[in-house]
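Structure first, commentary second.
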Amino acid sequence: MENRIEVLRKKLNSFNFDLMLNKTVGACENCDLCEKVNASIKDKPWFKCFCYQFVRNVETVYEIIYDLPYLKERRCDALTYWIHDRVKTFSDNSNINKNKVDIASEILTVWNNINSKKNNNASNTCNISVIQKKIQNTEEMKPKKIMSSYCENYDSLRSLLKGIYSSECNIYYDYFKDSFIEFREIVNKHSALCSGINHCSGFCKNHDPDDLLNKSKCKIIEISQNQKEYIKEEECKALKEKAVAEIRSEPKEIQTPEFTFSDKRAIILILFSLWGIFLTFLFSYKMTPLRSWISSKLGKKELIRDNFNEQNDDVSLDADYESMNRNMENEGYNITYNSNWNPS
């Protein structure tokens, strides 16, 4: 922001003059006139500071008028608006004790005394009677000041915006764009007031006669509103065309790589999955009732198998005994008789 103000101050006389009005002052040639006001406010620090600034500003305005007489109305009106704005600030500040004093009237008294010391040279001084009428019409002062500044700065901005491109070009263009938008809105509401400003008559209907907003070499595109970052329009178009060309050169369909088991990543993934399953089972076996449940199930199966084998053995023995008995019964007690036997 400081860089922006410094750049504009060096190139725009109206902008620089407005900044000068608010500069502090330690002493001035006619500051003693601030003592000749209402006793209830003359020693108040806020009023003394304001009055000293005002006296210094009057002296500066008169120096400008002496060298550049055509600026008389503009600088006198600008100083009048400055007084109005400062008095309004004091009036809105409840912490300042005004002691029911008309501050504007006291300042105009000081102004009149300054004019008296100038030997009533009306050509080099502001007309107090005209200023008194203007300062009372508070509704017209601000829009008139804005329109006057725009009209005065237009020629300077035209030479800056149509000249050779510089690193400060974005500052000029941004300031002009904001001023143009503000001027256009005010003129739509105060067209008659615009016509009454001598150096604005050519702008009231055609706000931008040279079409600086569109034809300026400094035309830029704002890429970040908060940070006030800009890019030249030509550079923006070039980047846009490059981006479009790159997009068109890319294939319309992007093939997704197929997942196959020959891929090393697939093998690693499967191994990790199996390892995870094993660890999960081992954890469940060690840390949960699953171990005792499996052991009981296996124990029951072993007991059933042993009982089954014993029963099979018993059945086999019983079958053998039954077969033996049956054979014995069938054969009876058959004893073979040997007739050749001799008991000798």
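Read-outs throughout are calculated quantities, based only on the coordinates presented, and are distinct from any laboratory measurement. The structure displayed is predicted, hence computed values, not measured ones. Cβ placement follows ideal geometry from the backbone for every residue including glycine, while neighbour counts extend to all protein chains displayed.
Some points to look at:
- Rounded to the nearest 0.05, the FRET efficiency derived from the C-beta distance between residue 22 and residue 214 at R0 = 45 Å is 0.85.
- Counting other Cβ atoms within 10 Å as a rough exposure proxy, the listed residues 49, 28, 194 run 49, 28, 194 from fewest neighbours to most.
- Burial ordering of 139, 73, fewest other beta-carbon atoms within 10 Å first: 139, 73
- Residue exposure sequence - 101, 87 - by fewest surrounding Cβ within 10 Å: 101, 87
- The chymotrypsin sites (Phe, Trp or Tyr not before Pro) of the stretch 93-186 that DSSP puts in a loop, and whose beta carbon has at most 16 other beta carbons within 10 Å, are 165.
- The distance separating the Cα centre of the stretch 133-174 from that of the stretch 29-51 comes to 33 Å.
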